[in-house]
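In what follows, a single structure is set out as structure tokens and then discussed.
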Amino acid sequence: MYLERTDPISKRHSLRAMSLLLGAAVVLSTFASAASAKDDIALELNKLEPVKDACQAYFLIEEKAGKPLQSLKTDLIIFGKDGGIAKRLIAELGPVRSKKTSVKIFSIDVACPEISGVLLNDVASCAPDAAPEACLDRLAVSSRLATRFYK
């Protein structure tokens, strides 16, 4: 025969244990989703193409997590061969569609042979993510070229 304990102390301990377990599950799922959101958008500097005295930059962007962005404005710093800053460019990469690869093309008022690197300095804004830092954390940058692309 099974006897159920009904005293208030055992019920209180049971409720406390259940609330601790639930709290731990919420914290763990938050960390897991934050970890999975990191580097889930690949951004590759794919090609630099000379156009008169300027350069067209081709960026390949791939969203991998099924979390699209309506807007992704990036703050890019272009470095010259001398190591100095040659240009600053605010580039809108959005919309970034869910689980889709796209190409975005931007004109840079610097001759291609003069570009030594591109720095993803920051994310100026992104939507629907509230904080630009959240979008910056989602980006994994790379370059197919000898030209460095980094954040």
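Just a few scattered comments:
- Candidate lysines - alpha carbon under 23 Å from Lys87, same-chain residues fewer than 8 apart omitted: Lys47, Lys52, Lys73, Lys104, Lys151
- Kirkwood hydrodynamic radius over Cα pairs of the stretch 85-151, then Stokes diffusion coefficient at 37 °C and 0.692 mPa s, in µm²/s: 240
- q = 0.16 Å⁻¹: log10 I(q)/I(0) that the Debye formula gives for the stretch 37-151, counting C-alpha atoms only: -0.68
- Cross-link partners of Lys38 among aspartates and glutamates, defined as those whose alpha carbon lies under 17 angstrom from its own and excluding same-chain residues fewer than eight positions apart: Glu62, Glu63, Asp122, Asp129, Glu133, Asp137.
- For the stretch 73-91, the residues whose backbone nitrogen is under 15 Å from a point 7 Å from the Cα of Ala146, taken along Cα to Cβ, are 81-82.
- Net charge contributed by nearby residues that have their C-beta within less than 12 Å of Ala86 (K/R +1, D/E -1): 0
- Cut-off 14 Å between beta-carbons: net charge of the residues surrounding Pro68, Lys and Arg +1, Asp and Glu -1: +2
Where a number appears in this text, it was derived from the coordinates with a stated rule and is not lab data. No experiment lies behind these values; they were computed from the predicted model shown. Please note: Cβ atoms are built from the backbone with ideal geometry, for glycine as well, and neighbour counts cover all protein chains shown.
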